[in-house]
Every structure is written in C-alpha cells, then in structure tokens.
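Taken together, the values in this text are just the output of simple stated rules run on the coordinates, not laboratory data. From a predicted model like this one, the values you see are computed outputs, not experimental measurements. Methodologically, a virtual Cβ is constructed for each residue, glycine included, from the backbone with ideal geometry; neighbour enumeration extends over all protein chains shown.
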Amino acid sequence: RLGVDYIDLYYQHRVDRKTPIEETVGAMAELVAAGKVRYLGLSEASPATIRRAHAVHPISALQSEYSLWSREPEDDVLPTVRELGIGFVAYSPLGRGFLSGQIRSPEDLAEDDFRRENPRFQGENFARNLELVERVRAIADEKGVTASQLALAWVLSRGDDVVPIPGTKRRRYLEENVAAAEVELTAAEIDDIESVFPKGAVAGERYADMSSVGL
C-alpha cells in the first residue's frame, strides 16, 4: 500500500511485555535480511531492553518523548544510545503543543482531543505548566523567535544525534518549525532557558497510564 520497495526505518513503537525483545527484533531482522527493511528502531524502550535488542541486530534509532518538559531520557536512555551509536529521535518536542504557547486554557482543546485526558493538561497542573511556558515565551520574545522555535532549538542544541520530529496539521506551523533549525542558542541562553524551566519542574505525568513506556 505504501508503493515502495522497502521501508527505510521500521520501528517497534511500544515494547511488548508479553514477547521477549530478542524474539521481536529477531523477526524484524528477518525483514532486513529479505531486503524489505533497511534499519530497525525502538520506541520508549529502557536501557536494558535497548542493549538486549542491539545484541540481536543493530538498532539504528531510539524514539522517545523529549522536550523541555520531558527530560527523563537524559538520565539513562541518552547515555545508553550514545554509547551504542544509536540515533535519538525526540517525539513531542513541543510537549504536545503546550510549549508553543498557543494553548491558554483546557477549553482551547476540542471536546474529543486526547490531550484533555493528559495529566499535564488538567486542573492545577495546567496552570503550573502554563507559568513555565510563559517564562520560555518571554525569552523567545527577547530573542525575536516564537516559543515553539525556542523549544525546538533547545532540543536541537542537545546534540547532532538528537532529531526532533514535531507534528502539525497546518502549513504555517510547519514552516515555523522548520525555521527553528536556523535558531542558534548561546550557552548563556541555554542556561537562561533551563533556569526558568528546570528539569523536573513540569507538573503531572506524561500519560495517565505510564505502564507502556520505559519497558
């Protein structure tokens, strides 16, 4: 259905707790051997799982949520993938849109928007997180960029092996996000950003149910 001869990067998007990772990656490796897939990736895997998978077949990319308000990968996932030579793909680099500064109230979200069920978008958590975003927006205004561009530039500053994948439905936001690649942050600016939005400051869990991440 894709109309291609092979898939460039084939992910297991969540680790299956019922199936040994060796079995899963072994099956994926057969697709590489058959020429149907070029590279393999994992998503939201723990360092131990990454190592076990990589021992079966080289893992080329590890995808995990990473942004100013989700910095957990810095603790052990990023060091692990860097040791093994695996690229890091940062999904939700704008905190599901929160870091754009465009969401001012939970009421800005449609009734059927999945983010309404996200702990970080609810009640007191929303108010506390909005305060953090306002601080980032102030720095962005001073630099002459948008809050989204500043947040993406921060992710890009983490290293050449970190690739953010922001998503949007609108062309103007796509163009805005692409332009973030041209935003250069000085060491002092990075310090300023991290001082107003320190690691662990965000209120609420990433998901209502965290049982499927970090396996």
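In this calculation the C-beta distance from Glu194 to Ala33 is compared with R0 = 45 Å, giving a FRET efficiency of 0.55. Residue by residue, segment 193-198 carries 3J(HN,Hα) couplings of 4, 6, 7, 8, 10, x Hz when phi is fed to the Karplus relation 6.51 cos²θ - 1.76 cosθ + 1.60 (θ = phi - 60°); x denotes Gly or Pro.
Give the shape of the chain as rounded, prolate or oblate, defined through the alpha-carbon gyration tensor: a ≥ b ≥ c are the square roots of its eigenvalues, a/c under 1.5 means rounded, and otherwise the shape is prolate if a/b is larger than b/c and oblate if not. Because a/c hits 1.5 or more and a/b exceeds b/c, the chain counts as prolate.
Give me the lysines in straight-line cross-link reach of Lys199: C-alpha distance below 25 Å, same-chain residues under 8 apart excluded. Straight-distance partners of Lys199: Lys143. Roughly how many whole Å is it from the C-alpha centroid of segment 1-57 to that of segment 110-134? Centre-to-centre (Cα) distance: 33 Å.
Once you sort the root eigenvalues of the Cα gyration tensor of segment 1-55 as a ≥ b ≥ c, which label holds: rounded (a/c under 1.5), prolate (a/b larger than b/c) or oblate (the other case)? Cα axes put segment 1-55 in the prolate bin. Using θ = phi - 60° in the Karplus curve 6.51 cos²θ - 1.76 cosθ + 1.60, the 3J(HN,Hα) couplings for segment 69-75 round to 9, 9, 9, 4, x, 5, 5 Hz; x is entered for Gly and Pro. Cross-link partners for Lys18 among the lysines, with Cα-Cα distance under 26 Å and sequence neighbours closer than 8 places in the same chain left out: Lys36. A run of the chain free of exposed loop cleavage sites, with GluC sites (Glu not before Pro) counted only in DSSP states other than H, G, I, E and B and at most 15 other beta carbons within 10 Å, reaches its longest extent at 1-110.
For segment 134-215, the set of trypsin sites (Lys or Arg not before Pro) satisfying both a DSSP loop assignment and a count of at most 15 other C-beta atoms within 10 Å is given as Lys169, Arg170, Lys199. Ranked by the mean number of other Cβ atoms within 10 Å of their residues, highest first, the peptides 161-167, 57-63 fall in the order 57-63, 161-167. For Ile7, nonlocal amide neighbours, meaning residues 5 or more places apart or on other chains whose placed amide H falls under 5 Å from its own, are Val37, Arg38.
Subtracting the Cα-Cα distance of Arg14 and Arg51 from 0.36 nm times their residue separation leaves 11.8 nm of extension gain. Dividing the helix sum by the residues of the chain, where each DSSP H run of 4 or more adds -39500 (n - 2.57), gives a mean residue ellipticity at 222 nm of -11500 deg cm²/dmol.
Placing unit charges on the Cβ atoms only, positive for Lys and Arg and negative for Asp and Glu, gives segment 36-190 a dipole magnitude near 520 debye about its Cα centre. If you take the square roots of the eigenvalues of the alpha-carbon gyration tensor of segment 90-215 and sort them as a ≥ b ≥ c, do you get rounded (a/c under 1.5), prolate (a/b over b/c) or oblate? Rounded, since a/c falls under 1.5.
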